[in-house]
Amino acid sequence: MEYQEILTRRKEMLSRPVRPIPPEKLAAEHKLYAERCKRSIDIFEKAKGMIPGGVEHNLSQNKPFPLAMDRAKGYKMWDVDGNEYIDYLLCGAPIILGHGYEPLDEKIIEIIRQKGPATGLTSEYELLAAEEIIKHMPGVDMVRFLQSGTEADMAVIRIARAFTGKLKIIKIGGSYHGWSDQMVYSIHIPQTGALEARGIPAECFAHIVDVAPNDFEALEKAFQDNQDKGGIAGVLVEPVGGESGAHPVHPDWNRAIRRLCDQYGSLMIFDEVVTGFRLDMGGAQKFYGIMPDLTVLGKIITHGYPSSGAVAGRKDVMKVCAGGLGEKVFAGGTLAANPISMAACYYALKLMVENDAVGKATAYANRLAKALNDLFATRPDLGFFVYNFGAIMHYMTTAFFSVDLAAPDALAQILTRKQVADDYQVVTMAHGLCTLAGTRMYTCMQHDDEALKKTLEIWEYLLSLIPRS
Ligand SMILES: Cc1ncc(COP(=O)(O)O)c(C=O)c1O
């Protein structure tokens, strides 16, 4: 689906009231879910006393309770009560070969047996992993491995400032670049500023310039206005749009950023934590043919194995990470580039190529998007729709991410729309579909006809619960 059509349909959705499931039907779904998931509820009740909120995972459906998973294989997961799910959360994007992919797991088990987890010294796998990333990503000459996407986003800001000698970082509203102090600004929903920044001093945002997505004028003005205030060191951008495309990018947006970065001597930074090795083996930079100066990588490079993050990019820029005391940009971590993570990176990327994992996951996503849109077309009164950037799918049922903050009832709108989306998600979960935040689905190379058929059946059932208008 093209950008303009997404915007038109989103606008139309926001102009209509939300379509809740009638209370008695919703209550029956909650009852079913609770009956099926007794052990998950039990674990949650106990965890609440020891873990704040009873759960760590922000991406999962945690209301009315988080599901405790037992195991996963291919595109399926089973919870501790033995219920089966079609998984479209896929750990928040990194799983593309499928869960428990044996050729990868066997290599890792071999390394653990033969070499142990970590020594704090370098290993040959570090070189092999770097080589593999550089081979695929056109904008990458060098790689600095770290331990998470959040760490890599922290480091990339420092690298950009050190290299350019400039101060300010442009962050696009609604984008997520991890939870470090400077980056928890206008996250999830554009223009929300410090709404989610509890515990972070306002000073941390002094050099962050918040620009609304696809606002070409504001972008150019941000470069101009900050010329005498320290200048723009870099623009950090999710190349398919904030929240992995929940706020989709205008087709000219990335090119405009590239042009302005060149004009003002600033660095263009692609956060490819989700798009790298999912949209394309060469990331969004290859997919769109736009070269960033720096690239942030995360969970996907180790296919879900721990300690996963990296800053990568142009050699002259990356060299600021080397040098003597006081010269180099300080960034690292004890477990960064440990042999297990590096071997996971090396073998996962090789296996993705051998299996055409991205091609298969994309083909499935295209089929599913079409089939779901055909199904939604049978209920024009709802206006639901799906769009995808390759193996990254977004579905809109209430558009709570996109409420206009200038509206007088904006907060109430967001809360109501989010609640209804959560209710829909309870139904899909109760019947065996696991998605992300009630708005997103990731696909892997193992999703098949059976997964597609079952997914459609569950959506059809959800639609049947919402009265026609
Ligand atoms: C685009 C993007 N950047 C950064 C991060 C943070 O990565 P991590 O959760 O590994 O810290 C995420 C996490 O989902 C992400 O989607």
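Scan the stretch 365-377 residue by residue and report those that are closer than 22 Å to Thr275 by Cα and either out of contact with any Leu (no Cβ under 9 Å at 6 or more places or on another chain) or part of a loop (DSSP other than H, G, I, E, B) (or both).
Ala365, Asn366, Ala369, Lys370
Of all residues being surrounded by fewer than 23 Cβ atoms within 10 Å (Cβ to Cβ) and of a type in the set (Asp, Glu) in the stretch 247-303, which is farthest from Ile95 (Cα to Cα)? Just the residue, please.
Asp262
Looking at Glu24 and the list (1) within 30 Å of Ile414 (Cα to Cα); (2) at pLDDT 95 or above; (3) touching a helix residue (DSSP H, G or I) at 6+ places or on another chain (Cβ under 9 Å), which single condition is not satisfied?
(3)
Could you check how many residues of the stretch 234-246 are closer than 28 Å to Leu436 by Cα and either exposed (fewer than 14 other Cβ atoms within 10 Å of the Cβ) or more than 14 Å from the ligand (Cβ to nearest atom) (or both)?
Selection size over the stretch 234-246: 1.
From Tyr424, Tyr387, grab the single residue that is under 16 Å from Thr362 (Cα atoms), in the same structural domain as Lys25 (by TED's automatic domain parsing) and either touching a strand residue (DSSP E or B) at 6+ places or on another chain (Cβ under 8 Å) or not polar (S, T, N, Q) (or both).
After applying the criteria, what remains is Tyr387.
Do we find that Thr302 is farther than 25 Å from Asp105 by Cα and polar (S, T, N, Q) in this structure?
no
Please return the ranges of helices (runs of 4 or more DSSP H) entirely within the stretch 273-360 where 1 or more residues are within 16 Å of the ligand (Cβ to nearest atom).
It comes to 283-288, 339-354.
Among the helices (runs of 4 or more DSSP H) contained in the stretch 200-271, which hold 2 or more residues that are aromatic (Phe, Trp, Tyr)?
216-225, 253-264
Would you check if Gly432 is under 24 Å from Gly283 (Cβ atoms), assigned by TED's automatic domain parsing to the domain that holds Thr8 and modelled with pLDDT of 95 or more?
Here the answer is no, as Gly432 does not meet what is asked.
Can you tell me which of Ile159, Ile189 is more than 12 Å from the ligand (Cβ to nearest atom), modelled with pLDDT under 95 and not in a strand (DSSP E or B)?
Ile189
For the stretch 3-13, enumerate the residues that are over 18 Å from Ala377 (Cα atoms) and either in contact with a Leu (Cβ under 7 Å, 6 or more places away or on another chain) or surrounded by 11 or more Cβ atoms within 10 Å (Cβ to Cβ) (or both).
Selection gives Tyr3 alone.
Of all residues in the stretch 222-266, how many are under 23 Å from the mean Cα position of the chain (by Cα) and among the charged types (D, E, K, R)?
5
Any residue at all in the stretch 162-173 that's touching a strand residue (DSSP E or B) at 6+ places or on another chain (Cβ under 6 Å) and either free of Cβ contacts under 8 Å to residues at least 24 places away in the same chain or within 10 Å of the ligand (Cβ to nearest atom) (or both)?
Looking through the stretch 162-173, none of the residues is touching a strand residue (DSSP E or B) at 6+ places or on another chain (Cβ under 6 Å) and either free of Cβ contacts under 8 Å to residues at least 24 places away in the same chain or within 10 Å of the ligand (Cβ to nearest atom) (or both).
So which pairs qualify, if the first residue must be in the stretch 90-106 and small (Gly, Ala, Ser), the second must be in a loop (DSSP other than H, G, I, E, B) and away from the ligand (no atom under 15 Å from the Cβ), the Cβ gap must be under 8 Å, and the two must be at least 6 apart or on different chains?
Gly98/Tyr75; Gly98/Cys444; Gly98/Met445; Gly98/Gln446
Does the stretch 151-160 hold any residues that are in contact with a strand residue (DSSP E or B) (Cβ under 8 Å, 6 or more places away or on another chain) and either of a type in the set (A, V, I, L, M) or surrounded by fewer than 21 Cβ atoms within 10 Å (Cβ to Cβ) (or both), and which are they?
Residues satisfying the conditions are Ala152, Ala155, Val156, Ile157, Ile159, Ala160.
Looking at Ala206, Ala212, which one is in contact (Cβ under 8 Å) with a residue 40 or more places away in the chain and either touching a Leu at 6+ places or on another chain (Cβ under 9 Å) or within 28 Å of Asp262 (Cβ to Cβ) (or both)?
Only one candidate passes the filter, namely Ala212.
Could you grab me the full set of residues in the stretch 20-38 that are part of a loop (DSSP other than H, G, I, E, B) and surrounded by fewer than 19 Cβ atoms within 10 Å (Cβ to Cβ)?
Pro20, Pro22
When Gly231 is evaluated against the numbered criteria (1) more than 14 Å from the ligand (Cβ to nearest atom); (2) within 18 Å of Ser180 (Cα to Cα); (3) among the small types (Gly, Ala, Ser), which criterion, by number, is the only one it fails?
(2)
What pairs come up if the first residue lies in the stretch 177-196 and is without any contact (Cβ under 8 Å) to a residue 24 or more places away in the chain, the second is β-branched (Val, Ile, Thr) and within 14 Å of the ligand (Cβ to nearest atom), and their beta carbons are under 6 Å apart, counting only those six or more places apart or on different chains?
Glu196/Val184; Glu196/Ile187
Note down all Cβ pairs under 8 Å where the first residue falls in the stretch 298-324 and is in contact (Cβ under 8 Å) with a residue 40 or more places away in the chain and among the basic types (Lys, Arg), the second is within 14 Å of the ligand (Cβ to nearest atom) and outside any loop (DSSP other than H, G, I, E, B), and they're at least six residues apart or on different chains.
Partner pairs satisfying both residue conditions: Lys299/Cys91; Lys299/Gly92; Lys299/Gly149; Lys299/Gly309; Arg314/Leu294.
The values are calculated or read from the model by the stated rules, or taken from the named source; none is laboratory data. These numbers were taken from a predicted model, which means no experiment stands behind them. With ideal geometry, Cβ positions are generated from the backbone for all residues, glycine too; neighbour counts draw on all protein chains shown.
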